[in-house]
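Below: the structure, in structure tokens.
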Amino acid sequence: MNPDVKQWIIAPEGLDAEMKSEFGDLAAEPESSLALVVLLDQFSRNISRGSPDVFTADANAWETATRAVARGFDKQVTVIQASAFYLSLMQQESVISLIAARCLFEVLKPRCVSPE
């Protein structure tokens, strides 16, 4: 096997532990959870545009956003950032997720009139 290809398939000793130590649980804090949602929700759409793969990360984005909202992370970030959590709910295209997103945007509305 080509050594360059091998490094992509077989992780060097300690790499997994190093990555866990460096990045930890990305969904553990409001800002990192938001970054994960945007990565899952938007990045996958951009790199797979025009392909059925465009939707491959939607379920993970929805789950991450749902957990973040349940933990109150949407209240700990800016209005624009909170809306990114809610957009993932809207893209799920289930009636319950759409109703939840609509209600969350309604609750967010008063925060929009005052500067953050």
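Can you tell me the FRET efficiency between LEU108 and ASN46 if r is taken as the Cβ-Cβ distance and R0 is 30 Å, rounded to the nearest 0.05? Don't jump to the answer; show the numbers that get you there.
Numbers: r = 25 Å, r/R0 = 0.84.
According to the calculation, E is roughly 0.75.
So how do LYS20, LYS75 rank on accessible area, 1.4 Å probe, biggest first, that is with the largest at the start? If you can, show how the numbers build up before the last one.
Values: LYS20 155, LYS75 120 Å².
I get LYS20, LYS75, largest accessible area first.
Count the net charge of all other residues whose Cβ sits under 12 Å from the Cβ of GLY14, scoring Lys and Arg as +1 and Asp and Glu as -1.
Numbers: positive: LYS20; negative: GLU13, ASP16, GLU18, GLU22.
Local net charge: -3.
On the accessible surface of the chain, probed at 1.4 Å, how many percent belong to carbon and sulfur atoms?
Numbers: 5030 of 8110 Å².
So the carbon and sulfur contribution to the accessible surface is 62 percent.
Around LEU39, what is the net charge, scoring Lys/Arg as +1 and Asp/Glu as -1 over all other residues with Cβ under 14 Å from its Cβ? Working shown, then result.
Working: positive: ARG45; negative: GLU31, ASP41, ASP58, GLU63.
Summing Lys and Arg as +1 and Asp and Glu as -1 gives -3.
Three principal axis extents, largest first, for the C-alpha atoms of the range 12-84, in Å?
Principal-axis extents of the Cα atoms in the range 12-84, largest first: 40, 35, 17 Å.
At 1.4 Å probe size, what's the solvent-accessible area of ASP58? Round to the nearest 10 Å².
Roll a 1.4 Å probe over it and ASP58 shows about 20 Å².
Heavy-atom accessible area per residue, the range 37-116, 1.4 Å probe: how many Å²? If you can, show how the numbers build up before the last one.
Working: 5030 Å² over 80 residues.
Per residue, the range 37-116 has 63 Å² of solvent-accessible surface.
The values are calculated or read from the model by the stated rules, or taken from the named source; none is laboratory data. This structure is a prediction, so every number in the text was calculated from the model and none was measured. Here Cβ is always computed from backbone atoms with ideal geometry, including for glycine, and neighbour counts include all displayed protein chains. Areas reflect the complete protein model, heavy atoms only, side chains present, ligands, DNA and RNA absent. Shrake-Rupley method; radii C 1.70, N 1.55, O 1.52, S 1.80 Å.
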